[in-house]
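A.B. asks: Just dropping this structure here.
We did not get these values from a lab; they are worked out from the coordinates using the rules stated. What you are looking at is a predicted structure, and each value in this text was computed from that prediction instead of being measured. Reconstructed Cβ throughout: ideal geometry from the backbone, glycine too, with neighbour counts over all protein chains shown.
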Amino acid sequence: MDHPLIDLINQKISEAEADGAFDNLEGQGKPLPQVDDPENALLNRLVKESGGVPEFVLLGRELQKLRDELRDTGDRTRRQDILKEMSIMEARIDIARKAHR
């Protein structure tokens, strides 16, 4: 079943084409870039263009903060807690990297 507004959408696109709205667009006449994940290509591009980063990158940043805190902490109990958090964080990063592929 078609979208209820498909006729209106097609009409608007035809009008825009007739008015030249699609003339001289950036990349016109060039092939589309190759994508590794065609099913999610649009979503991945939008995330990238909006400054988003994969989850494993964010987790890596958190891991670096934990490393910095570990370096600066003298409290043995806190150091043990940080090491546990780092271990969990490394596992989460590994899972996120696999999911990203």
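A.B. asks: Ordered by residue, what ³J(HN,Hα) values in Hz, to whole numbers, does the range 16-24 give under the Karplus form 6.51 cos²θ - 1.76 cosθ + 1.60, where θ = phi - 60° and Gly and Pro are x?
C.D. replies: 3J(HN,Hα) across the range 16-24, in whole Hz: 5, 4, 5, 7, x, 5, 9, 7, 6.
A.B. asks: So for LYS98, LYS12, fewest C-beta neighbours within 10 Å to most, what's the order?
C.D. replies: By the 10 Å Cβ count, ascending: LYS98, LYS12.
A.B. asks: Still on this structure, I have one more. Tell me, what ³J(HN,Hα) does each residue in the range 44-53 have, in order and in whole Hz, if you take phi through Karplus 6.51 cos²θ - 1.76 cosθ + 1.60 with θ = phi - 60° and put x for Gly and Pro?
C.D. replies: Residue by residue, the range 44-53 yields 4, 5, 5, 4, 5, 5, 8, x, x, 10 Hz.
A.B. asks: Determine the principal axes of the Cα atoms in the chain, then give the extent along each, sorted from largest to smallest and rounded to whole angstroms.
C.D. replies: Ordered largest first, the chain gives principal extents of 72, 34, 21 Å.
A.B. asks: Could you give the nm distance between label points at ASN10 and GLU90, where each point is 7 Å from its Cα heading toward the beta carbon?
C.D. replies: In this crude spin-label approximation the distance works out to 5.9 nm.
A.B. asks: Can you give the extra length, in nm with one decimal, that the chain gains between LEU32 and GLU62 once fully stretched, where that is 0.36 nm per residue apart less the Cα-Cα distance?
C.D. replies: 7.3 nm
A.B. asks: Once you order the gyration tensor axes a ≥ b ≥ c over the Cα atoms, which shape class does the range 44-101 get: rounded for a/c under 1.5, otherwise prolate or oblate by comparing a/b with b/c?
C.D. replies: Numbers: a/c = 5.66, a/b = 2.25, b/c = 2.52.
It is oblate, given that a/c is not under 1.5 and a/b is not larger than b/c.
A.B. asks: Step through the residues of the range 63-68 one at a time and calculate ³J(HN,Hα) from phi using the Karplus curve (6.51 cos²θ - 1.76 cosθ + 1.60, θ = phi - 60°), rounding each to whole Hz and writing x for Gly and Pro.
C.D. replies: 4, 5, 4, 5, 4, 4
A.B. asks: Just from its helices, what would the mean residue ellipticity at 222 nm be for the chain, if runs of 4 or more DSSP H residues each count -39500 (n - 2.57) and the sum is divided by every residue, rounded to the nearest 500 deg cm²/dmol?
C.D. replies: -21500 deg cm²/dmol
A.B. asks: In a Gaussian network model over the chain where Cα atoms closer than 10 Å are linked, find which of GLU15, GLU62, GLU90 has the largest mean-square fluctuation.
C.D. replies: GLU15
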